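The values are calculated or read from the model by the stated rules, or taken from the named source; none is laboratory data. Fair warning: this is a prediction, and the values are worked out from it, not measured in the lab. Cβ sites come from the backbone with ideal geometry, for glycine too, and all protein chains shown count toward neighbours.
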Amino acid sequence: MSKRIFFICAMISCIFFQTSAQIGISGGIAAIRGFGSGKTFPGLSLGVELPNFSDMTFYLRGTLSLPKAETNSDGTAVLGTTYVSQTTDLSLPSSLTVQYQSTFNYGTIEFGTRRYIGNDYDNGFALYGGSDFMLILNSVKRKYEKKSCNPVIIDWEPNYTLPSNEPSSGRIVCLAVGVEGGMKYTFPGQGSIFADITANYSLLALPNNNTAANTNLYSPFIMVFNVGYRKEFY
């Protein structure tokens, strides 16, 4: 998923670079916070910005976060359970209980417009804001324990299989809308530093299996904080 997100952003950036007389390429560090999840996900971002007018631009940005595990408020691991079925040795119990821990991360692609206030896109200090659409790809992965916990403790993998709708990984695809606000300062001939916040609410969320659906870290409302550098090309 990480390669796909940054590949898409890189390809679109190249297309814009070839077709526009002026373009900004940006990169930075990011933090994604899902309300109600209790977790902040650090990550990296890559973006492209295309001026329509001196004070209005179209932008596209991809962000990828590091994964985080589900934990309790005291930091201890949240362990889920599932049942595995015996497939090869009839002398073994027909099913076993196996524990697992889930991890979760974000990949986002956002695109929208920005209006600059106080100065133009490529001049001095300015505030900016606008609206955006966001495609969110949440990756959910389970790390299953090597040994079962009930009714006997044995290595389960050689003779048992997981439920067909609970593989070791899943994905949630979301479509969200939101708003963005930030500030930047442009150094003449050098580029710009910026910081902004994007708030988005998911209108649609589609998990592809039960592994993805049964996570405590999904949130329909997220905020993305970005700090970075933008280089303007003419």
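Descriptive notes on the structure:
- Criterion applied to SER91, SER85 was being in a loop (DSSP other than H, G, I, E, B) and over 23 Å from SER139 (Cβ atoms), and the one residue passing it is SER91.
- Which numbered condition SER168 fails, given (1) at pLDDT 95 or above; (2) under 28 Å from GLN101 (Cα atoms): (1)
- Residues of the stretch 59-78 satisfying the condition of being outside any strand (DSSP E or B) and without any contact (Cβ under 8 Å) to a residue 60 or more places away in the chain: LEU66, ASN72, SER73, ASP74, GLY75, THR76
- Candidate set: the stretch 20-49, residues that are under 16 Å from THR186 (Cβ atoms) and out of contact with any Lys or Arg (no Cβ under 9 Å at 6 or more places or on another chain); chosen: the one modelled with the lowest pLDDT: GLN22
- Residue tally, condition surrounded by 15 or more Cβ atoms within 10 Å (Cβ to Cβ) and part of a strand (DSSP E or B), over the stretch 38-48: 7
- Test: residue in the stretch 147-159 that is surrounded by 14 or more Cβ atoms within 10 Å (Cβ to Cβ), farther than 30 Å from TYR234 by Cα, in contact with a Leu (Cβ under 7 Å, 6 or more places away or on another chain) and of a type in the set (Ser, Thr, Tyr): yes
- Any hit, the stretch 137-153, residues being within 23 Å of the chain's Cα centre (by Cα), over 30 Å from SER95 (Cα atoms), of a type in the set (A, V, I, L, M) and part of a strand (DSSP E or B): yes
- Annotation note: of LEU217, LEU162, the sole residue that is crowded, with 19+ Cβ neighbours inside 10 Å and within 30 Å of LEU90 (Cα to Cα) is LEU162.
- Of residues in the stretch 49-81 being of a type outside the set (S, T, N, Q) and within 17 Å of GLY107 (Cβ to Cβ), the one surrounded by the fewest Cβ atoms within 10 Å (Cβ to Cβ): LEU66
- Taken over the stretch 94-122, the residue count meeting the criterion of being in a strand (DSSP E or B), farther than 18 Å from SER169 by Cβ and not polar (S, T, N, Q) is 9.
- Considering residues of the stretch 154-183 that are of a type in the set (A, V, I, L, M) and part of a loop (DSSP other than H, G, I, E, B) only, the residue nearest to THR113 (Cα to Cα): LEU162
- Any chance ASN123 is out of contact with any strand residue (DSSP E or B) (no Cβ under 9 Å at 6 or more places or on another chain) and either under 21 Å from PHE221 (Cα atoms) or in contact (Cβ under 8 Å) with a residue 40 or more places away in the chain (or both): no
- Filter result for SER131 (in contact (Cβ under 8 Å) with a residue 24 or more places away in the chain, loosely packed, with under 14 Cβ neighbours inside 10 Å, touching a Gly at 6+ places or on another chain (Cβ under 9 Å) and part of a strand (DSSP E or B)): yes
- Taking the criterion of being without any contact (Cβ under 8 Å) to a residue 40 or more places away in the chain and within 14 Å of SER85 (Cα to Cα), the residues of the stretch 148-182 that qualify are ASP155, GLU157, SER164.
- Cross-chain or 6+ apart pairs with Cβ under 8 Å, the stretch 218-234 first and over 20 Å from GLY181 (Cβ atoms) and touching a residue at least 60 places away in the same chain (Cβ under 8 Å), then polar (S, T, N, Q) and surrounded by fewer than 18 Cβ atoms within 10 Å (Cβ to Cβ): GLU232/GLN22; PHE233/GLN22; TYR234/GLN22
- Test result for THR215, within 25 Å of SER54 (Cα to Cα) and of a type outside the set (Lys, Arg): no
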